[in-house]
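Working notes for the structure below.
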Amino acid sequence: MIKRISKSATLIGLALLLVLGTVLIGGCAKETPTLPPTVEASIVNDYPGLKPLVDFVGEENLSVLNLVGFKAADKAMRELGFGKGDPDILALTDAGYIAKIEEYTTEKALDGVIMTSGLSRGKGNLANLHKAYNWPLWFAFFDKRSKDCIYLEPKSEILKTYLDREKADRDAALADFMKLSDKEIFAKIAKENIDAQGLLDNPEAWQEKMLAKVFGGNEFSIFTISNLWAMGLPNDFLKVAELHDHICPGLTSGYLIAKYVIKHFPTANPRNEYTVIAIPPWCKDDALIQMFETNVGHKRLYVKHLTKEQIGQLPKEAKNVANIIIRWEKGAESGDGIVVGFDWDKLFEECELERAWLRDFATYKWWYVRLKMDIAEMHYLDNPEALVFTIKEFEVKSPAEIEKLKAAGVNPLVELGIMPGS
Ligand SMILES: [Zn+2]
């Protein structure tokens with residue numbers, strides 16, 4: 001409102017000057033008044049650091065969400081001491097995926113981070129994690145050299161207040177938001193060293209920080225993805241991790257199964273020519289979804305749980321069964337399939353770890369075992385055969401056979417003669 005009044009006041013003023021000028025020109029040409037040069041009002045005049053962001057989104061589109069991304073990146077750059085576009089820094093955030101601030105989606109915060117820090121998807125140093133719609137918005141920045149990580153979690157209610165204000169008077173809302181201190185904007189600003197070796201060497205100390213939720217409950221996501229990224233995570237694996245929200249040995253087993261299938265059981269059109277049965281399902285299946293686009297909604301993934309009793313009935317060679325993959329290529333008269341397993345026994349032995357630790361959520365053991373195995377599995381990314389194996393190969397002579405294997409109430413491992421029917 002104030003802006004409108006001042007705008008019309010300016011217009012009236014200009015009109016008066018013009019009239020006056022015309023009169024004066026008519027009377028005495030020498031006394032033509034000259035208007036002082038005007039500086040166009042811009043938030044960049046007050047905050048020059050905002051220039052790349054404002055240039056990118058356009059000042060007329062600038063939002064408080066852009067600014068919170070700027071504030072997070074700016075604080076991280078000062079705290080970790082890195083310059084724009086530093087390739088040794090990884091940014092992690094749930095902004096712009098599904099996480100929302102009440103009714104507001106958060107994608108604009110991503111532009112704030114990218115344009116300020118120079119970190120991006122294209123450079124492979126921005127991990128955009130999948131969290132539920134009502135999970136808090138957060139940002140983290142990890143330095144590959146020092147393994148220091150800074151975590152920033154904005155106050156949702158502050159953002160909501162300024163986003164509401166932005167709808168009524170954007171300029172004032174943005175200007176006031178920029179004046180807020182970091183403490184007023186962020187509920188949590190935490191800096192920790194998350195070097196995997198340090199965590200494994202002194203797990204009790206890190207467990208205390210896990211319990212204290214130093215990174216707002218995102219600790220496992222952040223330290224697994226960051227440490228593996230520092231080891232040289234391939235970009236397709238990073239996309240797999242974004243959907244799954246963390247990296248665990250189960251997810252890596254899926255990435256390795258995908259690589260094994262690509263090598264030994266390929267097809268030109270995975271989305272249309274594969275039928276994947278997850279039996280039993282675990283984290284791996286999120287990797288297969290990403291790599292093959294064989295998701296549940298595309299009716300290319302069928303999930304079958306095995307009870308403890310059923311697992312007990314599996315023969316030794318199928319104890320580590322993971323997936324059935326059926327291939328029916330376009331125009332083909334028949335199809336074929338493989339049943340694959342993952343050699344957990346070998347991996348546990350190599351890591352000198354006990355399987356029971358996976359379920360020990362009362363102590364550090366649950367994350368310790370996962371982190372240690374994550375690192376071990378990184379050495380197998382180009383050698384999936386070391387851990388993935390074929391349990392059985394089979395033919396399918398008609399589409400009806402595939403229908404039967406994926407149908408409700410059917411145990412496909414019994415159908416394929418791998419385990420006895422009960
Ligand atoms: Zn997982």
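Throughout, read-outs are computed from the coordinates displayed, never taken from laboratory work. Note that the coordinates shown come from a computational prediction; the quantities given were computed from them, not determined experimentally. Every residue, glycine among them, receives a Cβ derived from its backbone with ideal geometry; neighbour counts consider all protein chains shown.
Looking across segment 243-263, the residues that are surrounded by fewer than 21 Cβ atoms within 10 Å (Cβ to Cβ) and away from the ligand (no atom under 13 Å from the Cβ) come down to ILE262, LYS263.
Okay, residues lined up against (1) surrounded by 18 or more Cβ atoms within 10 Å (Cβ to Cβ); (2) in contact (Cβ under 8 Å) with a residue 60 or more places away in the chain; (3) within 12 Å of the chain's Cα centre (by Cα):
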{"site": "GLY69", "(1), (2), (3)": "yes, yes, no"}
{"site": "GLU103", "(1), (2), (3)": "no, no, no"}
{"site": "ASP111", "(1), (2), (3)": "yes, no, no"}
{"site": "LYS123", "(1), (2), (3)": "no, no, no"}
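In segment 259-272, the residues that are more than 19 Å from LYS392 (Cβ to Cβ) form Cβ pairs under 6 Å with partners that are part of a helix (DSSP H, G or I) and not polar (S, T, N, Q), at six or more places apart or across chains, as follows: LYS259/PRO384; PRO270/PHE292.
Listed here are the residues, each with its yes/no results for (1) over 13 Å from the mean Cα position of the chain (by Cα); (2) among the polar types (S, T, N, Q); (3) closer than 19 Å to THR93 by Cα; (4) part of a loop (DSSP other than H, G, I, E, B).
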| residue | (1), (2), (3), (4) |
| --- | --- |
| LEU199 | yes, no, no, no |
| GLU204 | yes, no, no, no |
| LYS209 | yes, no, no, no |
| GLY217 | yes, no, yes, yes |
| SER221 | no, yes, yes, no |
| SER226 | no, yes, yes, no |
| LEU233 | yes, no, yes, yes |
| LEU238 | no, no, yes, no |
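If we keep just the residues of segment 279-332 that are in contact (Cβ under 8 Å) with a residue 60 or more places away in the chain and charged (D, E, K, R), which is farthest from LYS397 (Cα to Cα)? Residue satisfying both the conditions and the ranking: GLU309.
Could you please find all residues in segment 382-408 being more than 36 Å from the chain's Cα centre (by Cα), touching a residue at least 60 places away in the same chain (Cβ under 8 Å) and under 15 Å from PHE265 (Cα atoms)? Of everything in segment 382-408, those that are more than 36 Å from the chain's Cα centre (by Cα), touching a residue at least 60 places away in the same chain (Cβ under 8 Å) and under 15 Å from PHE265 (Cα atoms) turn out to be GLU395, VAL396.
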